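J.: Submitted below is the structure of interest, expressed as structure tokens.
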Amino acid sequence: MAFSDARPFPEEPPVTPVSRVSLPPCAAALLALAACGPAVPGDGSIRLQVSNPAGARLSLVAAGRDLDDLRPLPDPGSGAALPAGRYFLEARTARARLFYPIPLEGFRVGPDAGGTFAVTVRENVAGAPPRLAESDPGFVFVPAGSEAHFVWQAAFFLAELEVTNGEFRRFLDAPDGYASRESWTAEGWAWHEQVASRATALLRPPDPGNGRFGEDDLPVALVNWYEANAYARWLTRRWGGGKWLFRLP
């Protein structure tokens, strides 16, 4: 997979919606970003209005590219105008610590009634994640995703088909491929030094199962994450040309 830095939509004309965050005193909390309200002349900023009847301790943070790039902002209850960007509101109560994404980057109007952006957050009151069946350890509970919000993704290319045995075999055979330390992360190389690969691309015509699993045009199987990541790093060096990054989804 290769990524490029491109925006999917042209820039919208300047508008000034109002973002409303409501924190009811019950277990459910509602966040609404409303596309209406008093304007901030000419700068296209968005006014954040926080309703906090629960008396939660609030912190507003401007989000960056990663967890090391965070910037605390003034009291979110002040109604300050925020420029376009990515923010989140942290609400602390005696029972919970809740986070509300506030995506104002490229924001114009919300998808909900009246141009709002509505989200409901419910606390998990159970003592532990639920189980499908007490006697079956083969399933792990995956909670619902975070509240819906706008995400602007840069353009990228996605391979239409799975990596084949033939493609992975070229990686295995290349001097700068599977055997090269440069293709691996530190953890991956440690695994590589201790464990032999089981990839179906290692099968050859005399091997049992080659006709069923090892043909060149069949998808490669039995590849673990370390090997898949090493393959992507090798493609980046070989085909990226300093412009494209190949990586796992």
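Computed from the coordinates by the stated procedures, all read-outs in this text should not be read as laboratory data. Please read these numbers as outputs of a predicted model, since none were measured by experiment. Cβ: placed from backbone, ideal geometry, glycine included. Neighbour counts: every protein chain shown.
J.: Evaluate E = 1/(1 + (r/R0)^6) for TRP239 and LEU70, where r is the Cβ-Cβ distance and R0 equals 25 Å; express this FRET efficiency to the nearest 0.05.
T.: So, using R0 = 25 Å, E works out to roughly 0.10.
J.: What is the extension gain from PHE99 to ALA221, computed as 0.36 nm multiplied by their sequence separation minus the C-alpha to C-alpha distance, in nm to one decimal?
T.: 40.0 nm
J.: Let's test the formula: R0 of 45 Å, r as the Cβ-Cβ distance of ARG92 and ASP173. What FRET efficiency results, to the nearest 0.05?
T.: Result of the calculation: an efficiency of 0.20.
J.: Sticking with this structure for a sec: Can you tell me the mean projection area, over all orientations, of the convex hull of the range 195-249's alpha carbons? Units nm², please.
T.: Over all viewing directions, the range 195-249 projects a mean Cα-hull area of 4.8 nm².
J.: Let me ask another. Looking at the calculated P(r) for the range 165-239, what percent of the C-alpha pair distances fall above 14 Å?
T.: Result: 58 percent of Cα pairs exceed 14 Å.
J.: For the pair SER59 and LEU161, what calculated FRET efficiency results from E = 1/(1 + (r/R0)^6), where r is the Cβ-Cβ distance and R0 = 45 Å, to the nearest 0.05?
T.: Once rounded, the FRET efficiency stands at 0.45.
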